[in-house]
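Before any comments, here is the structure.
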Amino acid sequence: MWAFILAGEIPTEMGNLQNLDYLALNSNNLTGSIPPTIFNISTITRITLAQNHFTGHLPSTIGHSLPNMDWLSLAKNKLSGTIPNSITNASKLSVLDLSYNSFSGLIPSTFGNLRFLGQLNLAFNHLTTESSTGGWSFLSSLTSCRMLAFLGLGSNPLRGILPPLIGNFSESLQKIFAHDCKIRGSIPQEIGNLHGVILLSLFNNDLDGTIPASMGTLKTLQVLYLDANNLQGYIPSDLCRLERLTGLFLNENKLFGHIPQCLGSLTSLRTLFLSSNTLTSSIPSSLWSLEYILYVNLSTNSLSGPLSSNIQNLKVLIELDLSRNQLSGDIPVSIGGLKDLVTLSLARNQFYGPIPESFGSLIMLESLDLSSNNLSGEIPKSMEVLSYLKQLNVSHNRLEGGIPVKGPFRNISARSIFGNYALCGPPRLQVPPCKEDNSNGSKKATVLKYTLPLIISSILITIVFNLQLERAFRSFASECEVLRNVRHRNLIKIISSCCNTHFKALVLEFMPNGSLEKWLYSHNYFLDILERLNIMIDVGSALEYLHQGHSSTPVVHCDLKPSNILLDENMVAQYGSEGIISTKCDVYSYGVLVMETFTRKKPTDEMFTGEISLRDWVKESLPHALIDVVDANLVREEQAFSAKMDCLLSIMHLALDCCIGSPEERVSMKGAAATLRKIRVKFLDDVAATI
C-alpha cells in the first residue's frame with residue numbers, strides 16, 4: 001500500500017481478521033488513532049504502519065495477544081504517551097521501530113525479555129531515564145538481548161552518564177545511535193569491548209575527558225561520530241588501528257596537539273572531519289596518500305605550513321575545507337588535478353602568490369572560497385569554464401587586473417571581490433572599469449565524428465578484424481592518437497595500439513571486475529541501488545567529459561551498453577570511447593542504459609519484440625506501478641523502502657527525459673549527470689533518516 005494512496009482512519013473492524021498474518025499500511029496519509037483491536041490478532045506476525053499521521057497512545061495491553069509478532073514498525077507518526085511495558089510480552093519480536101514520534105517517559109527496563117530482538121529503534125522521541133539518579137537501568141536489561149544488532153536511542157533527552165555496562169553487549173551489536181541525548185561525563189574504557197560494532201554515534205552530547213585508547217580495539221568499526229562534544233586531549237594514535245574505518249568525525253571538540261601521522265595508513269577512510277578544535281603543527285604528509293578519500297574538513301584549527309603538491313593524489317576528493325588556519329605558501333598548481341572537487345575553501349589563511357590557472361580544470365566545482373589571504377595577480381580567465389560554480393569568494397586579497405566576465409562570473413556580487421588591490425571590471429561590482437579589449441575572437445564548435453571498426457574484446461587486447469571498413473582503417477592511426485589524449489578517470493586508459501595489414505588492435509588497461517553486463521545478469525553477482533547509481537554517475541561523468549570537457553570538439557561514443565562498461569577493483573565504471581554522429585544519440589542511449597541497469601531487462605528482451613519497447617514499458621509504469629518493472633532484488637528488504645522507491649522513481653524520470661523523441665528536447669549529458677548526483681545525495685539523506 002505504498003505511494004500515499006490511502007487516507008482516513010483504520011476501521012476498528014480490521015481487528016476481526018483473526019487469520020491475518022501481515023498488515024502493511026506504511027507510507028500513506030492515514031490519520032486518527034490505531035485501533036487497539038489490531039493488537040489482538042494473535043496470528044499476526046508483522047505490523048508496518050510507518051510514515052502516516054497516526055496520533056494517540058499505544059494500548060497498555062499491546063503485547064498480551066501477540067504471541068507470533070516478530071516485526072512492529074510504527075515509525076514516523078505522531079504517537080505519544082509512554083511505551084507500555086507490556087510490549088515486551090510479544091516475546092518473538094525481532095524488530096521494534098517506534099522512532100520519529102512523540103513518546104515520552106522512561107524507556108522500559110523489560111526489553112531483556114525479548115530474546116530474539118535484533119533491531120530496536122526509539123530515536124527522535126522524548127524518552128528519558130531515571131531523573132533522580134541519571135541511571136540507565138534499561139541498558140542493563142538490553143544487554144540480555146544477545147541477538148541485538150541495531151540500537152537507536154538518538155535525539156532523546158536521556159541525560160545521565162554513559163555507564164560502563166555499555167561494554168556488556170554481545171558481538172552481535174553492530175550499530176549504536178546515542179547522539180543528541182544530553183549525555184555527560186567521559187566515555188568509559190569498557191566501550192572497547194564492543195568487538196562487533198561497525199557504527200558508533202555519540203555526537204552532540206556533553207561528553208568530556210579524553211578519547212579512550214580502548215577504542216583502538218574496535219577492529220570492525222567503520223564509522224565513528226564523536227563530534228560536537230567537549231572532548232579534550234590528543235587524538236590517540238590507537239585510532240590508527242581501526243583498519244576498516246571509513247568515517248572519522250571528531251570536529252567541534254577541544255582536542256589539541258598534532259594530527260597523527262598514522263591516520264594516513266587508514267586506506268579505507270572516506271571522510272575525515274577534525275574541524276573546530278585547537279590542533280597545531282602542519283598537515284601530516286601521510287594524509288595526501290589517502291587516494292580514495294572523499295571529504296576532508298580540517299578548518300578552524302591552528303594548522304601551519306605549506307599545502308603539499310601531493311594533494312593531487314586525492315583523486316576522488318569531493319569536499320576540502322582548510323579554512324581558518326595558519327597555512328601559508330603558494331596554492332599548489334597540482335590542486336587542478338582534483339577533477340571531482342565540488343567544494344574548496346582555503347579562506348582565512350596566509351596563502352600568497354597567484355591563483356593557479358589550473359583552477360580552470362576543476363570542472364565539478366560549485367563553491368570556492370579563497371577570501372582573506374595574501375593572494376596576488378589576476379583572477380584566471382580559465383575559471384570562466386566552471387559552469388557549476390555558484391559560490392565564489394576571493395575578497396580581501398591583493399588581486400589585480402580584469403575580473404573575468406563569462407561563465408560563473410556573470411552572477412558574482414561585489415561582496416565576492418571586495419577588498420582587493422587593483423581589480424577592474426563592470427560597474428555593478430563597484431570597481432573601476434577596465435581598458436576596453438577588442439581582441440576577442442570566436443570559435444565555432446564542430447562535432448568530431450569517429451567510426452571505429454567492429455571490435456572484439458579480450459581481457460587486455462582489442463583486435464579489429466573487419467578489414468572491409470577501408471575508410472575506418474585510414475583514420476585508425478589518427479583516431480588512436482585522439483583517444484590517447486582523452487583523460488578521465490572513468491575512461492579506460494589506452495596503453496598502446498598495433499596496426500598492420502592483417503589486424504588492428506588497442507591494448508587497454510585491465511579491469512578486474514569485468515563488465516556491468518556480468519554484474520547485472522549473472523546470478524553470482526549483485527549490485528544494490530547505490531552501487532548501480534554510482535556506476536551510472538561514473539558513465540554520465542565520462543560522457544559529459546567527451547561531449548563538453550575534452551576539447552572544443554565533442555567526441556560521441558555511440559555504443560553504450562552494459563558489456564562496454566567495465567569495472568575496476570573499486571567498482572568504478574570505465575569504458576572505451578568511440579564516437580559518431582551527435583551527442584544527443586549518446587543521451588538517448590544513456591537513458592536506455594539507465595533503464596536497463598535498474599530493471600535488469602535488456603532492450604532486446606523477447607517481451608519487447610512487439611510494439612512495446614523498454615522505454616514504453618517503463619513510462620507506462622510510472623508512478624504507481626514502478627515496483628512491477630524495477631529489479632525486484634533492489635526493493636526486497638523493507639528497510640528504507642520509501643527512500644528506495646522515491647530514488648528509483650526519480651531515476652526513471654531522468655532516464656525518460658534522456659529518451660524524448662525530439663533530440664532538441666532531450667536533457668544534455670551535463671544536466672543528466674548533475675541530476676543523478678542530486679538524486680544520490682537525496683537518497684543517502686533519506687536512507688540516513690530511516691536509521
Exercise for the section: Starting from the Cα of Arg410, move 7 Å in the Cα-to-Cβ direction to define the label point; list residues of region 370-397 whose amide nitrogen is under 20 Å from there. Expected result: 380-393
Completion exercise
Label model pair Asn633, Arg398: point-to-point distance (7 angstrom along the Cα→beta-carbon line) in nm is 6.1
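What is region 285-367 by shape, rounded, prolate or oblate, if you read a ≥ b ≥ c off the alpha carbon gyration tensor as root eigenvalues and call it rounded for a/c under 1.5, prolate for a/b larger than b/c, and oblate otherwise?
Values: a/c = 1.44, a/b = 1.21, b/c = 1.19.
Rounded, because the longest to shortest axis ratio a/c is under 1.5.
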Handout entry: Pair His195, Ser60: separation of 7 Å Cα→Cβ label points (nm)
Key = 4.5
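I need the peptides 352-361, 191-200 ranked by packing, meaning the mean over residues of other C-beta atoms within 10 angstrom, with the highest value on top.
191-200, 352-361
How large is the dipole of region 292-372 about the Cα centre if only Lys and Arg carry +1 and Asp and Glu carry -1, each at its Cβ, rounded to the nearest 20 debye?
Values: 4 positive and 7 negative charges, 30 e Å.
Dipole of region 292-372, to the nearest 20 debye: 140 debye.
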Handout entry: Dipole of region 258-441, positive end: most advanced residue of Leu269, Val316, Pro427 [Cβ charges, Cα centre]
Key = Pro427
Handout entry: Rough spin-label spacing in nm, given labels placed 7 Å along Cα→Cβ, for Glu9 and Asn310
Key = 6.8
Practice task
Give the peptides 218-229, 203-214 in descending order of average Cβ contacts within 10 Å, highest first.
Solution key: 218-229, 203-214
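Could you give the dipole magnitude of region 258-441 about its Cα centre, charging the beta-carbon of Lys and Arg +1 and that of Asp and Glu -1, in debye to the nearest 20?
On the way: 13 positive and 13 negative charges, 60 e Å.
So the dipole magnitude of region 258-441 works out to roughly 280 debye.
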Practice task
Indicate the gyration tensor shape class of region 258-441 (rounded, prolate or oblate), computed on the Cα atoms with a ≥ b ≥ c the square roots of the eigenvalues: a/c under 1.5 is rounded; otherwise a/b larger than b/c is prolate and the rest oblate.
Solution key: prolate
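Can you classify region 139-259 as rounded, prolate or oblate using the Cα gyration tensor, where a ≥ b ≥ c are the square roots of its eigenvalues, rounded means a/c under 1.5, and otherwise it's prolate if a/b beats b/c and oblate if not? Provide the component values of the computation, followed by the final result.
Details: a/c = 1.76, a/b = 1.22, b/c = 1.44.
In terms of gyration-tensor shape, oblate.
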Handout entry: Net charge, Ser201 excluded, C-beta distance under 11 Å - Lys, Arg +1, Asp, Glu -1
Key = -1
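Quick one: dipole size for region 607-683, taken about the Cα centre, charges +1 on Lys/Arg Cβ and -1 on Asp/Glu Cβ, in debye to the nearest 20. Display every interim value, and only then the final one.
On the way: 10 positive and 11 negative charges, 100 e Å.
About 480 debye.
Computed from the coordinates by the stated procedures, all read-outs in this text should not be read as laboratory data. For clarity, every value in this text was computed on a predicted model and none was experimentally measured. Cβ coordinates were reconstructed from backbone atoms using ideal geometry, including for glycine residues, and neighbour counts include every protein chain displayed.
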